[in-house]
1. Need the failing condition index for residue 95 against (1) surrounded by 22 or more Cβ atoms within 10 Å (Cβ to Cβ); (2) within 26 Å of residue 237 (Cβ to Cβ); (3) out of contact with any strand residue (DSSP E or B) (no Cβ under 8 Å at 6 or more places or on another chain), just the number.
2. Please give the number of the condition residue 80 fails out of (1) under 13 Å from the mean Cα position of the chain (by Cα); (2) in a loop (DSSP other than H, G, I, E, B).
3. Can you tell me how many residues within the range 103-114 are in contact with a helix residue (DSSP H, G or I) (Cβ under 8 Å, 6 or more places away or on another chain) and without any contact (Cβ under 8 Å) to a residue 40 or more places away in the chain?
4. Yes or no: the range 50-71 includes at least one residue that is buried (at least 20 other Cβ atoms within 10 Å of the Cβ) and either in a strand (DSSP E or B) or more than 17 Å from the chain's Cα centre (by Cα) (or both).
5. Of the numbered conditions (1) touching a strand residue (DSSP E or B) at 6+ places or on another chain (Cβ under 9 Å); (2) more than 18 Å from residue 221 (Cα to Cα); (3) in contact (Cβ under 8 Å) with a residue 60 or more places away in the chain, residue 44 fails exactly one; give the number of that condition.
6. For residue 204, are the conditions met, namely being in contact with a helix residue (DSSP H, G or I) (Cβ under 7 Å, 6 or more places away or on another chain) and closer than 18 Å to residue 115 by Cβ?
């Protein structure tokens, strides 16, 4: 059965939500078959598959390309696409047009927009137009150049109060869920208990309504670059390297093809 924003919201308080990123049809199909609830075509495609240093160079056309690939796998998981760097800050007609393309052209079920109370009005208008939106607070990778570094959020009382206000503003704007990235676990728990929509954590402790991880991290494809909060549930990178090496040796020794 296809997961919808409605069925995802109903999971709050029932069981934890399992979400992952995916950027291609094969990975999406495997993730969906494993039972994930939500697949995010994140702008993390930039610093995973595309070789960029961060997410900022990722364009709307890139997200469209990878979202369409994931959509072709026809996953039962809810398919969410990132609105990339700066795109949510344009005038409303352009923002809505970007969301429209992600849904109509690429096949996304919903979009994710980074930002808190400052973007709540914009997000509310997007939701009113019929676009389901997932919020994103805490560490916002699209703000990396302003931040100067990746860091944890919410340790200081003023910042914690600001983050809680962000979450509530997004809920009032009509988001169906909120991603909490690199937020202090105690604060994440408070936010989860305050919101009526699911809070999906990444590096925000175990008391969220669910978790999301980047697929290349959880599969162990590049362990040397994995964030400290992530965990490799497989060693796919090493197995791929072994497979390539075995192929090269078989060709060079004329054992393949037979």
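Coordinate-derived values only; no laboratory data. As the structure is a prediction and not an experimental result, all values here were calculated from the model. Reconstructed Cβ throughout: ideal geometry from the backbone, glycine too, with neighbour counts over all protein chains shown.
1. Unmet condition: (2).
2. With respect to (1) under 13 Å from the mean Cα position of the chain (by Cα); (2) in a loop (DSSP other than H, G, I, E, B), residue 80 is out only on (2).
3. 3
4. Scanning the range 50-71, I find no residue that is buried (at least 20 other Cβ atoms within 10 Å of the Cβ) and either in a strand (DSSP E or B) or more than 17 Å from the chain's Cα centre (by Cα) (or both), so the answer is no.
5. (2)
6. So residue 204 passes the test.
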